[in-house]
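Below is one structure, written out as structure tokens, with a few remarks after it.
The values are calculated or read from the model by the stated rules, or taken from the named source; none is laboratory data. The model shown is predicted, which means the values in this text are computed figures rather than measured ones. Reconstructed Cβ throughout: ideal geometry from the backbone, glycine too, with neighbour counts over all protein chains shown.
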Amino acid sequence: MSDVIGHPHQSAAAQLLADAFFDNPAHVYIYPDDETRRRKLEWLMRANLNAQFDVGVSFGKRAADRSIAAMGFWHPPSAPTANLVKLAQYGFLVMPFLHGVPAFRRMLHVVEQIESRRVAVLDGRESWYLNNMVVAPEARGKGLGSEVLRAELHTRVDASNTLASLTTQKAENVKFYKGLGFVVVDDRRVLDSKGGGFDNWIMLYQPQR
């Protein structure tokens with residue numbers, strides 16, 4: 001089993017996530033200003049981690065110096081889906097006061113669009129939902145992400161004979177996940193009222209027995 005990333009590592013995990021998602025299209029959509037995005041993203045990731053540590057199951061791998069080299073979270077099949085009540089529970093409702101109402105509305109739009117599509121493609125089936133899988137910059141390109149996630153798929157998803165699902169907004173991530181057995185089941189853009197938006201892929205993994 002991969003190393004667990006827990007509450008004591010929240011600050012380092014939030015920083016790693018903010019770096020990893022700085023140029024992610026969904027987060028650029030929420031925070032379009034390059035100069036303030038890094039700071040705002042770190043707050044958003046801290047709030048997100050509050051939810052992950054509560055409803056999710058963490059996994060990861062540490063470097064020789066014990067820093068986080070790779071990490072991710074599974075939402076188990078029994079975990080609640082994202083909604084306004086859950087966002088309030090984990091502190092997201094202060095976001096309009098910190099980052100402005102428009103950013104908060106964009107965040108809600110992203111969550112609603114992506115989660116409703118994921119629920120739709122699952123069509124009542126349970127799944128392990130892969131959330132926030134990242135590799136530290138200095139550890140990339142060495143096969144670590146594949147190693148960690150392949151082990152997780154085997155010991156958690158295959159062993160439970162339950163689907164795994166994920167969403168991503170980068171084409172290079174689609175290629176990475178395909179290499180591990182995921183398939184694209186939805187590839188529609190997430191659009192706003194003005195016709196802007198970003199690409200989004202929903203992928204499923206069938207457990208191997």
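Name the residue that is farthest from M45 (Cα to Cα), counting only residues in region 67-112 that are among the aromatic types (F, W, Y) and surrounded by 14 or more Cβ atoms within 10 Å (Cβ to Cβ). Spell out how you get there, then give the answer.
So the first thing to find is which residues in region 67-112 are among the aromatic types (F, W, Y), and the list is 73-74, 90, 92, 97, 104.
Adding the requirement that they be surrounded by 14 or more Cβ atoms within 10 Å (Cβ to Cβ) leaves 73-74, 90, 92, 104.
On the way: F73: 13, W74: 16, Y90: 11, F92: 10, F104: 14 Å.
The qualifying residue farthest from M45 (Cα to Cα) is W74.
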(message) Condition check: under 26 Å from Y205 (Cα atoms), within 17 Å of the chain's Cα centre (by Cα) and part of a loop (DSSP other than H, G, I, E, B). Does A51 satisfy that?
(response) no
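So that you can scan it fast, the table gives a plain yes or no per residue for (1) in contact (Cβ under 8 Å) with a residue 24 or more places away in the chain; (2) among the aliphatic types (A, V, I, L, M); (3) in a strand (DSSP E or B):
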residue	(1), (2), (3)
A164	yes, yes, yes
T167	yes, no, yes
K175	no, no, no
L180	yes, yes, no
V184	no, yes, yes
M203	yes, yes, yes
(request) Go through region 151-209 and give me each residue that's touching an Asp or Glu at 6+ places or on another chain (Cβ under 7 Å), polar (S, T, N, Q) and closer than 14 Å to Y129 by Cα. (result) T162
(message) For region 127-148: of the residues being without any contact (Cβ under 8 Å) to a residue 60 or more places away in the chain and in contact with a helix residue (DSSP H, G or I) (Cβ under 9 Å, 6 or more places away or on another chain), which is farthest from S193 (Cα to Cα)?
(response) S146
(request) Search region 48-66 for residues being in contact with a helix residue (DSSP H, G or I) (Cβ under 7 Å, 6 or more places away or on another chain) and surrounded by fewer than 19 Cβ atoms within 10 Å (Cβ to Cβ), and hand back the single one that is farthest from A139 (Cα to Cα). (result) F53
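Determine whether R37 is crowded, with 17+ Cβ neighbours inside 10 Å, basic (K, R) and at pLDDT 95 or above.
Spelling it out, R37 is indeed crowded, with 17+ Cβ neighbours inside 10 Å, basic (K, R) and at pLDDT 95 or above.
Those residues that are more than 14 Å from the chain's Cα centre (by Cα) and under 22 Å from L163 (Cα atoms), I need them from region 61-82; list them, please. Break it down into steps so the answer makes sense when it comes.
Quick first cut of region 61-82, residues more than 14 Å from the chain's Cα centre (by Cα) only: 61-69, 77-80.
Passing the criteria: P77, S78, A79, P80.
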(request) Enumerate the pairs (first residue in region 94-113 and modelled with pLDDT under 95; second residue anywhere and polar (S, T, N, Q)) with beta-carbon separation below 8 Å, excluding pairs fewer than 6 apart on the same chain, so at least 6 apart or on different chains. (result) Q113/N200
